[in-house]
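Where a number appears in this text, it was derived from the coordinates with a stated rule and is not lab data. Quantities reported herein were computed from a predicted structural model and do not represent experimental measurements. When we count neighbours, we look across all protein chains shown, and the Cβ atoms used for this are built from the backbone with ideal geometry, even at glycine.
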Amino acid sequence: MTVIALVSAKSCGVTTSALAMTLSSTRPSLLAECDPAGGTLRAGFFQAQITAGTGLYHLAVAERAGEDALAQAVANHLVAIDASGNRQVLPGLTDPAQAPALARSWPALAQVMRVLSDEGGYDVVIDAGRLALESGRLHPTLTPAPLLHGADLVLLVVRATDQSLALARHMTDPLRNELTDRGTGAGALGVLLIEDGPRRAHEVSDALRLPVMAALPWEPDTAAYLAGTGRAPRKLNKSALLGSARMALGHLQAAASRRALHQQYPQTQPAPAALPAPAPAATPVAADAPQLAGVLQRLGQGRKDPRV
Ligand SMILES: Nc1ncnc2c1ncn2[C@@H]1O[C@H](COP(=O)(O)OP(=O)(O)O)[C@@H](O)[C@H]1O
Ligand SMILES: [Mg+2]
């Protein structure tokens, strides 16, 4: 399946969009709240029902004890957000001061996301939060760069306003460079447009010199519910936000598959319609992490058909 990382230049809807995608997915899905500045789902969507004893920080602690401990921790620290257990959330940090402790764990966590996607069949959405820069590059501890390197697509979330675009513009080159030097290439980078403002997709694309890969409507009532500050809409699944998120996810999955195929078969030779053998995983990490099979076994337990 697909690993999609969402980032922003300034708070503009990363967490809301990631949650909308996770809730709307027609396949098993996982939202990993990996914003180094701290998670907001715990106090928001979960209405403080999840304690600090559950979440991302504990994965970093477990990672120091080895891969088995990490696998166990992944299984123990995901929170199901639907009755079937098909949609899961890894709640984020409770304190930004925990972020430096995660710096050495990001590569292992990136591997976990890859395995959950490639072997576990999950659509993984990573909330990587607001980007921080240092000397023109992604900040080594305040941005979870290894998660971006390992993602199929990295989406810079912007609103359709000039203010949002002005800030986002400073992030495009550092992101391009990072993905070119250490990720799967600048082609993984695109924009997720939140339609709160006058700018149309082509204007956004021109301003940022990036493709707008998906768009979500401005829908305050549903967004307030997802932030834990509003009542549940009568039909959440039929809301414009979740409907568009479902469609966006479909487009993004297709784009990621096309990209993976193009990376395996050089663009000068169009891929044949019927391939002789199934393509291996887009990145090799999954094959290197068989110890994480336990994660998948446990996550698969009790999985039923998706609700929507
Ligand atoms: N599509 C949307 N429609 C309406 N409001 C939104 C939408 N996306 C985000 N918001 C609102 O914007 C604010 C910031 O959203 P959030 O997802 O927390 O941003 P970030 O994670 O980037 O900091 C919240 O009040 C949220 O309800
Ligand atoms: Mg957020």
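A single entry from A48, A62 fulfils the requirement of being surrounded by fewer than 19 Cβ atoms within 10 Å (Cβ to Cβ), more than 26 Å from V158 (Cα to Cα) and away from ligand 2 (no atom under 16 Å from the Cβ): A48.
Yes or no, residue by residue, for (1) in a strand (DSSP E or B); (2) free of Cβ contacts under 8 Å to residues at least 60 places away in the same chain; (3) surrounded by fewer than 20 Cβ atoms within 10 Å (Cβ to Cβ); (4) on the phi < 0 side of the Ramachandran plot:
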residue: T141; (1), (2), (3), (4): no, no, yes, yes
residue: N177; (1), (2), (3), (4): no, yes, yes, yes
residue: D181; (1), (2), (3), (4): no, yes, yes, yes
residue: G190; (1), (2), (3), (4): yes, no, no, yes
residue: S205; (1), (2), (3), (4): no, yes, yes, yes
residue: L210; (1), (2), (3), (4): no, yes, no, yes
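Selection over segment 16-36 of residues that are farther than 10 Å from A245 by Cα, touching a helix residue (DSSP H, G or I) at 6+ places or on another chain (Cβ under 6 Å) and within 8 Å of ligand 1 (Cβ to nearest atom) gives a count of 1. Reported count of residues in segment 125-154, each being among the acidic types (D, E) and within 15 Å of ligand 1 (Cβ to nearest atom), is 1.
So is L167 more than 16 Å from ligand 2 (Cβ to nearest atom), assigned to a helix (DSSP H, G or I) and over 16 Å from L252 (Cα atoms) or not? For L167, the condition - more than 16 Å from ligand 2 (Cβ to nearest atom), assigned to a helix (DSSP H, G or I) and over 16 Å from L252 (Cα atoms) - is not met.
Name the pairs whose Cβ atoms lie under 9 Å apart, with the first residue in segment 213-235 and near ligand 1 (Cβ under 8 Å from one of its atoms), the second of a type in the set (D, E), and 6 or more positions between them or separate chains? Going by the 9 Å Cβ cut-off, the qualifying pairs are L216/E195; P217/E195; P217/D196; W218/E195; W218/D196. Of everything listed in (1) farther than 19 Å from A224 by Cβ; (2) buried (at least 16 other Cβ atoms within 10 Å of the Cβ); (3) among the polar types (S, T, N, Q), the single unmet condition for T22 is (1). Of all residues in segment 97-117, those that are surrounded by fewer than 16 Cβ atoms within 10 Å (Cβ to Cβ) have Cβ atoms under 8 Å from Cβ atoms of residues that are among the aromatic types (F, W, Y), 6 or more apart or on another chain, in A101/Y57.
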